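Novice: My structure is below; once you've seen it, I'll send some questions.
Rule-based calculations on the coordinates, nothing more; no lab input. Just so you know, these numbers come straight off a predicted model, no measurement behind them. Positions of Cβ are backbone-derived with ideal geometry, glycine not excepted, and every protein chain shown enters the neighbour counts.
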Amino acid sequence: MNASSSTTAIDSTLPFPISPCKVDEQVIADYQTNDHVLIPQPDNPNRLADLARWMPGVKPGQPAAGDLNPVVKWQLLAIERVKAWLWGLFGINLSRCYTMTNLTTQSRRRFLMNAGASALAIPTLTDALGRPIQSDSAQPGRKLGIALVGLGYYSKNLLAPALQQTTNCRLAGIVTGTPAKAEEWMKKYDIPKGNVYDYKNFDRIIDNKDIDVVYVVLPNSMHREFVVRAAQAGKHVICEKPMAITPADCQAMIDACKKADRQLAIGYRLHYEPFTQEVMRLGQQKVFGPVRFVEASDAFKIGDPTQWRLKKSMAGGGALMDVGIYAIQGARYVTGEEPISVTAQFSPKTDPQKFKDVEETLFWQFQFPSGAVSNSTTSYTAGVERLYASCQDGWFELSPAFGYGPLKGRTSKGPIEMPVVNHQAAHMDGVCKDLLAGNKLPNHVTGEEGLRDVKLLQAIYRAAETGRKIDLKG
């Protein structure tokens, strides 16, 4: 490599940051004397460079012609110590490098200026076997900033605490219509006042580079408005389930995010939960043979009769819209199929005043293309939380199956042993990992998945209201 070509490589054509790599006192002497530079190797990420191998014509061990800039020298030695620490503790190898020799004085000076500004930038990482460790972001260690829209129970008691445990995202902002809540959250989570919005000035979030993702945690009837506004502000969006009240609202949300080139995830936390992932595997991979029958039910006793969940205009319905959606999801992800028909029945109301606007209890039955059938219950006046599958050669179940954990499972061969995780942290980390990497979100957590569920919710209501079997194949 001649001086001209190396100058061009350093000054204009490298598509990656230049960072020093292998350094010790002797290498610094070589560095100063021979004008050679060590940088991360981008073109062959699977090869471990031999640290004893130098470019032809460069002889290690030559005495230094002079002292290197002490600041740069300190920075280079610091990197070597970080490398040794990472290798000793985690088996991470930072030693893949190659040399660029015979740089002109001008190009080397420019390199040293660049290195001085970012000399602690970490080169491409490998594990102890030399395999590349993939970064989740162009900026290693970066966390996406999440703004929570709506500071009710779920945000206060589950999402905000979970964001203290996440690795790919952090609590960066809030949106609330209650000034007292804003003050409380700013103090508790050290949120800057500039990252606090109300529902009227929410659109100003477009100018806030500290916020990357908006998490909509509002009554169902408000989901469409704030998902659309968040997308128009250039933010990725996570929206709590159900996605919306109507399929038309869902489609408008999907369209708005696509138009803004932003991604939309629905709050399907269980898709990132290990016990749930295991029953997905057992069913979809037919570990116990084909699934023949599924029971998926979720119900609880609701409290405050004045809450928005009991107002149809805000919730879109009763128990089915709130927790019945978990049972719909359970039957779908255990079989790995979409139902082809549904029948459903309302139960008599035990408290007509409390449930004057929405259903209290509802039953429904799905048929699937494989011949499998499911039976489900949801209610606001009973406690049940179970996902059970009977298969040709055995069975498996989760109970509890849909709550915030810990979940518990077993099969016809014994207990299901899986790690217990924070559902909300796992969910937000999973979504943000893909966003950081620039990946498309998996189909099973996107707006399209949310739209499928809302269509099924509406079909169940139609079946219960008409007493007819509803064909879902169209």
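Novice: Looking at region 204-228, which of its residues are part of a helix (DSSP H, G or I) and touching a helix residue (DSSP H, G or I) at 6+ places or on another chain (Cβ under 6 Å)? Lay out the reasoning, then the answer.
Specialist: Residues of region 204-228 that are part of a helix (DSSP H, G or I), as a first pass: 204-207, 220-228.
Passing the criteria: Asn220, Ser221, Arg224, Val227, Val228.
Novice: Is it fair to say Gln365 is assigned to a helix (DSSP H, G or I) and polar (S, T, N, Q)?
Specialist: Values: assigned to a helix (DSSP H, G or I): no; polar (S, T, N, Q): yes.
Answer is no for this residue.
Novice: Which condition number does Asn422 fail, the rest of (1) of a type in the set (S, T, N, Q); (2) touching a residue at least 40 places away in the same chain (Cβ under 8 Å); (3) under 30 Å from Gly467 (Cβ atoms); (4) crowded, with 18+ Cβ neighbours inside 10 Å being met?
Specialist: With (1) of a type in the set (S, T, N, Q); (2) touching a residue at least 40 places away in the same chain (Cβ under 8 Å); (3) under 30 Å from Gly467 (Cβ atoms); (4) crowded, with 18+ Cβ neighbours inside 10 Å applied to Asn422, the lone miss is (3).
Novice: Output yes when any residue across region 241-250 is surrounded by 24 or more Cβ atoms within 10 Å (Cβ to Cβ) and either touching a strand residue (DSSP E or B) at 6+ places or on another chain (Cβ under 8 Å) or not in a loop (DSSP other than H, G, I, E, B) (or both), and no when none is.
Specialist: Checking region 241-250: at least one residue is surrounded by 24 or more Cβ atoms within 10 Å (Cβ to Cβ) and either touching a strand residue (DSSP E or B) at 6+ places or on another chain (Cβ under 8 Å) or not in a loop (DSSP other than H, G, I, E, B) (or both).
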